[in-house]
Structures are given as structure tokens and as C-alpha cells.
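Engineer: Could you have a look at this structure, given as C-alpha cells, before my questions?
The values are calculated or read from the model by the stated rules, or taken from the named source; none is laboratory data. Nothing here was measured: the structure is a model prediction, and the numbers come from that model. Because the Cβ atoms are built from the backbone with ideal geometry, glycine has one as well, and the counts that use them run over all protein chains shown. These accessible areas exclude ligands, DNA and RNA; they are computed on the full protein's heavy atoms, side chains included. Shrake-Rupley method; radii C 1.70, N 1.55, O 1.52, S 1.80 Å.
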Amino acid sequence: MSGTRRLGRVRRLVVKVGSGLVTAPGVGASPPRIDALAADIASVSEGRRIVLVSSGAIATGMARLGLAERPRSIPEKQAAAAVGQSALMWQYEAAFGRHRIPVGQVLLTAQDISDRARYLNAKNTLLALLKFDVMPIVNENDTVAVEEIKVGDNDNLSALVASLIDADLLVLLTDVDGLYTDDPSVNARARKLDTVDAITDEIVGLAHDRADRVSVGGMATKLQAARKAAAAGVPMVIASGLEPGVLRRVLDGESVGTYFAPKADRLGARKRWIAFAVPPQGRLTVDAGALAALTQRGKSLLPSGIVEIEGDFDSGEVVALLGGAGGKEFARGVVNFDATELRKIRGAKTQEIEHRLGYKSFDEVIHRDNLVIL
Ligand code: GLU
């Protein structure tokens, strides 16, 4: 569970701040908090390109609209986000302006990440901003995204951004100073982990979340983010943003917060997109033979191995593959057929595909190059 921190030269850094850090109840975006964050970021900005992923739009909008509770209806939440996002950016603009760091707002939706062309477009925009020495400030576009199609939390969003720009480090600043072996507010013997080598089920079991009204994410989403970052080869640190100068200490390799090691065999950019960036558009259940062929022998998925098809997807979209006892998801891949075609050829031998469809098409349902075993 523990090892050493390996931080190479960090040139591209993604910092994520939670709502709880940059807002205060009843006030929304908090000038002293945002000033402290700007000073902290400015202190490490020399020679680095930094992307800030900031929550706090909805919390700020709530304060501006005089709402004591997080709104429940989607339009109200979206209205709060609209009001809050501009108020938040206005403060960032002022705070980073004092450090001569120009900022640019980037609002992303899940579709900007799930659609390959839009994903590459978002990437190019971020890279162009960095080239202009502008610090992008990213949030989910809460005013248009509805719940079902959202990334949903900025922990996961920040890991996707880190992967998108090939960051050297992702730092999640929050109000706790790392991952504990138990809830420290309940168990006095709870111990903070300094480094985590792999996000095992045991590690995931350590996530103790308090439901509070301002933030969306908790430890669970931070560990999902850690998993995404690790697969992308990006080390991640969870640290307390309440501690002044914390970013400097993290970058100096000091033992603050919890460090999550990246995987050595990082997935390539396209496979990362398949594995993590996309909510799958459908689910295919495969038989035991196909499961073994895919997971143990590196084969492509053929129609003959498919037993069940769920969802309404197009060819070129990402689907989840389920199999084995309990039908757990074990892989994701880009399908060569749409759902209607696939229902016609399910279970078919390769030579029967043309006859069943009435035209010649692919042999594989998912080519091995477009498949990621999770
Ligand atoms: N995007 C939301 C906001 O800015 C927050 C999401 C999160 O806290 O993870 O209010």
C-alpha cells in the first residue's frame, strides 16, 4: 500500500479545488479563500503550465439567489450555476490578475468528452490556452448539462482533463489532508496513508463519505479520479487546500496529503478515451468462450460470442462488455455495428454475417485495437 513518491519534473499541472474550499456558506465564492488559492498557485507557476478545475458555481449561485438548500429541480440548479459561474470567474479574474496570471473559462459537458471529435477539440483549446500562457479554469457546464448526461463531479472531470492534456501531476485540493484508513472524526486510530501504489478494492473500501450540502464529490469520486489518472500515467495527490503553501510542498515532494502512483503500463490516449471518457452507450453480454478469448488471448470480439445486447447505439460508439459469473463489466470497446445490425447477427458465425445483414461488413464486432480490458 505504501511506496515512495515519484514526481518527475512537473511541467503540466492540473489543480482541482472543491466547492468547500473556495466558497463560504451564505457568501458563495469567498474572496479570502480565492486569494489564498491564487497566491498558492502563483508560487508554483514559474516554468509550469497549469489548469485549474474549480467547483463552486452552484454554491455561489445559491448564495447569490438566497437559497439555503441546494436546489433540487434541474432548471433551478442550472440557474444557480449560471449566476454562480460568472461570479466565481469574476473573482478568479481579479485574484489571478494580481499575480499577472491571465485566465480563461472553459466549460465542458460530458459530450465534449464522449464524442471523439469534440474531445480532440477540447484538448486543442486547452493546449492553445496554455501556449498563450493563459491558465484555463475548467468547470462542468452545469447550465446546460442535465444529470443523466453529466460527468457529475469535478474530481472525475479533473482526471479526464489531466489525461486530456497529458499532465505530469494532478492535485486535488480539498478540506481533508488525504486518504485515511478510517474516518478520523470517529476513529482516533485512523491513520493517513502517505502513498497508494494501486487502487485496490481494499483502498476503495476506505472511502468514507459525509453527505454535505455544498460538494458533490467525496472520497469515492476522488478514488475514481485516482484510478483514471493512474491509467493515464498521471500521478495524483489529495491534499488539504486549507494548508497555506500546500502546492509548493506537494511539488517539492514533501510527504503531504496522499500520493497515488501512476501505472507503469499506461494506456495510450485513444484507449484512455475508450476506457474512461465515455459513458458507454450500450451493453453486450458475452459467453465464457468470448470472455476468455478477449481477456486471456487478446482476441477481437466476434458476433458468435454475444449472448445479449442492451441499448440503442450507433456503430463507432463505445459499449460495455459484460461476462462471467454475475455478468460484471470487464471491458469497453468501440463497436463496428449499430444495435439493430448487431441484434441480427448476434451468435452468428463470421461467414453468416453477410447473409444475415444482406451486405458485406466487418468480421469483428469490436476489433482488439478498439478494446480495453478494465
Ligand atoms: N460543477 C459544480 C459546481 O461548480 C460542482 C461539481 C463538484 O463539486 O464536483 O458547482
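Engineer: Can you work out the accessible area per residue across segment 46-117, with the rest of the protein chains kept in place, probe 1.4 Å, in square angstrom?
Structural biologist: Result: 48 Å² of accessible area for each residue.
Engineer: Which value, in Å² rounded to 10, gives the accessible area of residue 247 with a 1.4 Å probe and all protein chains present?
Structural biologist: Ignoring ligands and nucleic acids, residue 247 comes out at about 0 Å².
Engineer: Are there trypsin sites (Lys or Arg not before Pro) in segment 326-373 that DSSP puts in a loop and that have at most 16 other Cβ atoms within 10 Å, and which ones?
Structural biologist: 349, 360
Engineer: Under a 10 Å cutoff between Cα atoms, tell me which one of 66, 152, 282 has the largest fluctuation in the Gaussian network model of the chain.
Structural biologist: Top of the fluctuation ranking is 66.
Engineer: Would you mind checking which residues have amide H under 5 Å from residue 338's amide H? H placed 1.01 Å from N; only 5 or more apart, or other chain.
Structural biologist: For residue 338, the qualifying residues are 315.
Engineer: A follow-up question, please. Which angle from 0 to 90°, rounded to the nearest 10, does the C-alpha axis of helix 116-131 make with the longest principal axis of the chain?
Structural biologist: Around 30 degrees separate the two axes.
Engineer: What residues qualify as long-range amide H neighbours of residue 281, i.e. H under 5 Å apart, gap of 5 or more or another chain, H built at 1.01 Å from N?
Structural biologist: 318, 319, 320
Engineer: Now, a different point. In whole percent, how big is the carbon plus sulfur part of the accessible area of the chain, probe 1.4 Å, protein atoms only?
Structural biologist: For the chain, the apolar C and S fraction of the accessible surface comes to 50 percent.
Engineer: Dipole size in debye (nearest 20) for segment 246-374 around its Cα centre, Lys and Arg Cβ +1, Asp and Glu Cβ -1?
Structural biologist: 380 debye
Engineer: Per residue of the chain, what 222 nm ellipticity follows from adding -39500 (n - 2.57) for every DSSP H run with n ≥ 4, rounded to the nearest 500?
Structural biologist: The helix contribution divided over the chain gives -10000 deg cm²/dmol.
Engineer: Ok, one more. So in segment 4-87, what percent of DSSP beta bridges are antiparallel if you round to the nearest 5?
Structural biologist: Taking every DSSP beta bridge with both residues in segment 4-87, the antiparallel ones total about 25 percent.
Engineer: Continuing with the same structure: Could you report segment 250-354's accessible area per residue, 1.4 Å probe, as an integer in Å²?
Structural biologist: On a per-residue basis, segment 250-354 sits at 46 Å².
Engineer: Report, please, the projected area of the chain averaged over directions, based on the convex hull of its C-alpha atoms, in nm².
Structural biologist: With every direction weighted equally, the projected area is 19.7 nm².
Engineer: When DSSP beta bridges are limited to those with both residues in the chain, what percentage is antiparallel, rounded to the nearest 5?
Structural biologist: If I count the DSSP bridges inside the chain, around 40 percent turn out antiparallel.
Engineer: Would you mind counting up the charge near residue 133? Only other residues with Cβ under 12 Å from its Cβ, with Lys and Arg at +1 and Asp and Glu at -1.
Structural biologist: +3
Engineer: Same structure again: Could you count how many Lys pairs in segment 243-374 have their Cα atoms under 21 Å apart, skipping same-chain pairs fewer than 8 positions apart?
Structural biologist: 7
Engineer: Apply the Karplus parameterisation 6.51 cos²θ - 1.76 cosθ + 1.60, with θ equal to phi minus 60°, to every residue of segment 311-316 and state each ³J(HN,Hα) to the nearest whole Hz, in sequence, with x for glycine and proline.
Structural biologist: Once rounded to whole Hz, the list reads x, 10, 10, 9, 5, x.
Engineer: Hey, what do the phi angles of segment 186-201 turn into as Karplus ³J(HN,Hα) couplings, whole Hz, using 6.51/-1.76/1.60 and θ = phi - 60°, x for Gly and Pro?
Structural biologist: Calculated HN-Hα couplings, in order: 10, 10, 5, 8, 4, 10, 7, 7, 7, 9, 10, 7, 8, 7, 7, 4 Hz.
Engineer: Name the residues whose placed amide hydrogens come within less than 5 Å of the amide hydrogen of residue 374, ignoring near sequence neighbours (fewer than 5 apart) on the same chain.
Structural biologist: Here 331, 332 satisfy the definition.
Engineer: Continuing with the same structure: Using only Cα atoms, find the angle between the long axis of helix 74-97 and the longest principal axis of the chain, and express it within 0 to 90 degrees, rounded to the nearest 10.
Structural biologist: Rounded to the nearest ten degrees, it is 50.
Engineer: Going highest first, how would you order 11-20, 186-195 by mean Cβ packing within 10 Å?
Structural biologist: Answer by packing, highest mean first, reads 11-20, 186-195.
Engineer: Ranked from the most accessible area to the least, with a 1.4 Å probe and all protein chains present, what is the order of 90, 273?
Structural biologist: 90, 273
Engineer: Relative contact order for segment 209-310 using alpha-carbon pairs under 8 Å, separation at least 6, rounded to a whole percent?
Structural biologist: 22 percent
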